[in-house]
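The values are calculated or read from the model by the stated rules, or taken from the named source; none is laboratory data. Owing to the predicted nature of the structure, the values given are computational and were not obtained by experimental measurement. Note that we place each Cβ from the backbone using ideal geometry, even for glycine, and neighbour counts take in every protein chain shown. These area figures cover heavy atoms from the full protein model, side chains too; ligands, DNA and RNA do not enter into them. Shrake-Rupley method; radii C 1.70, N 1.55, O 1.52, S 1.80 Å.
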Amino acid sequence: MDTTRILTPDNSDFWENLYRSGQTPWDLGRAAPPLETFLSSPYTVAPGKVAVLGCGKGHECALFADHGFEVTGVDFAPSAIQATLEKFHERGISGSKGYLLERDFFQMHEYDHYYDYVLEHCCFAAIHPSRRRTYFYTVKDLLKPGGKLIALWWLLDKPWGGPPFGLDKNELYSLFDNMFSIDISFTPTNSVRERAGAELLTVLTVRD
Ligand SMILES: C[S@@+](CC[C@H](N)C(=O)[O-])C[C@H]1O[C@@H](n2cnc3c(N)ncnc32)[C@H](O)[C@@H]1O
């Protein structure tokens, strides 16, 4: 770890420090309940290749793997990758149905058009708002034609500062307008208590 760099949420050392010092308030210790419910519902999507951007300790990677998806966890914090790797080992899927990329997900262009799905959970709130439009371009590039972004957005009423950075539904919709069409969008009823009423589950299909 380079101790001379200024730490901002755009660099891995910022996040690695938080993991190493145990300051991970976003980590639920399990997959987000609305995503669990979604994958068991009649509205779920068929298993395919999914990239989990900013996968953290891999709770959602494990959930999607358990539902038959081929999962690639992407995170630039080594501790996050290690924790996710352990979940893949527990399931015996490392290197067969569970893959890991320790890197910046804004820079993984060799995987363009490789994935059927991208999953967002609690990572969009972690990136600086100035990069949000780029996030959607990145997701669009990673997806195959007709691919989908499955996302549990955190609509946090917070005008300044972060991470987590605030997000409102109208801003969110305007960010992906023209790039994605909406298949599903609803407020889940089984969010964890601290996020109750402030989450939005969407499935978006990339436009041609
Ligand atoms: C708030 S945490 C959420 C982790 C996980 N999604 C969860 O819900 O527990 C944000 C994660 O995104 C990762 N991250 C942020 N920006 C990233 C980037 N540009 N490339 C790769 N990982 C990134 C951080 O290292 C961190 O693990």
Fill in: Qualifying residue in segment 158-176 (condition: closer than 22 Å to His67 by Cα, modelled with pLDDT of 95 or more and buried (at least 16 other Cβ atoms within 10 Å of the Cβ))
no
Item to complete: State yes or no: is Leu100 open to solvent by 20 Å² or more (accessible area, probe 1.4 Å), of a type outside the set (S, T, N, Q) and either in a strand (DSSP E or B) or within 12 Å of the ligand (Cβ to nearest atom) (or both)?
Response: yes
Practice prompt. Please verify whether segment 180-195 includes one or more residues that are in contact with a helix residue (DSSP H, G or I) (Cβ under 7 Å, 6 or more places away or on another chain) and farther than 23 Å from Leu39 by Cβ.
Written response: no
Worksheet item: Looking at this structure, is Thr37 of a type in the set (S, T, N, Q), surrounded by fewer than 16 Cβ atoms within 10 Å (Cβ to Cβ) and in contact (Cβ under 8 Å) with a residue 60 or more places away in the chain?
Response: yes
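How about segment 40-84: which of its residues are part of a helix (DSSP H, G or I) and crowded, with 19+ Cβ neighbours inside 10 Å? Even if it seems obvious, please write down each step before you answer.
Filtering segment 40-84 for residues part of a helix (DSSP H, G or I) gives 59-66, 78-84.
Listed by number, the residues that qualify are His59, Glu60, Cys61, Ala62, Leu63, Phe64, Ala65, Ala80, Ile81, Ala83, Thr84.
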Worksheet, complete the sentence: Exception for Phe105 within (1) surrounded by fewer than 17 Cβ atoms within 10 Å (Cβ to Cβ); (2) in contact (Cβ under 8 Å) with a residue 40 or more places away in the chain falls at (1)
Discussion item. Any residue at all in segment 196-208 that's free of Cβ contacts under 8 Å to residues at least 24 places away in the same chain and either of a type in the set (Lys, Arg) or surrounded by fewer than 20 Cβ atoms within 10 Å (Cβ to Cβ) (or both)?
Written reply: yes
Worksheet item: Scanning for something in contact (Cβ under 8 Å) with a residue 12 or more places away in the chain, of a type outside the set (A, V, I, L, M) and over 17 Å from Val118 (Cβ atoms), does segment 44-55 turn up at least one residue?
Response: no
Practice prompt. Considering (1) farther than 20 Å from Trp153 by Cα; (2) modelled with pLDDT under 95, say which one Pro9 fails and leave the rest.
Written response: (1)
Discussion item. Scan segment 99-117 and tell me whether some residue there is hydrophobic (A, V, I, L, M, F, W, C) and more than 20 Å from Asp141 (Cα to Cα).
Written reply: no
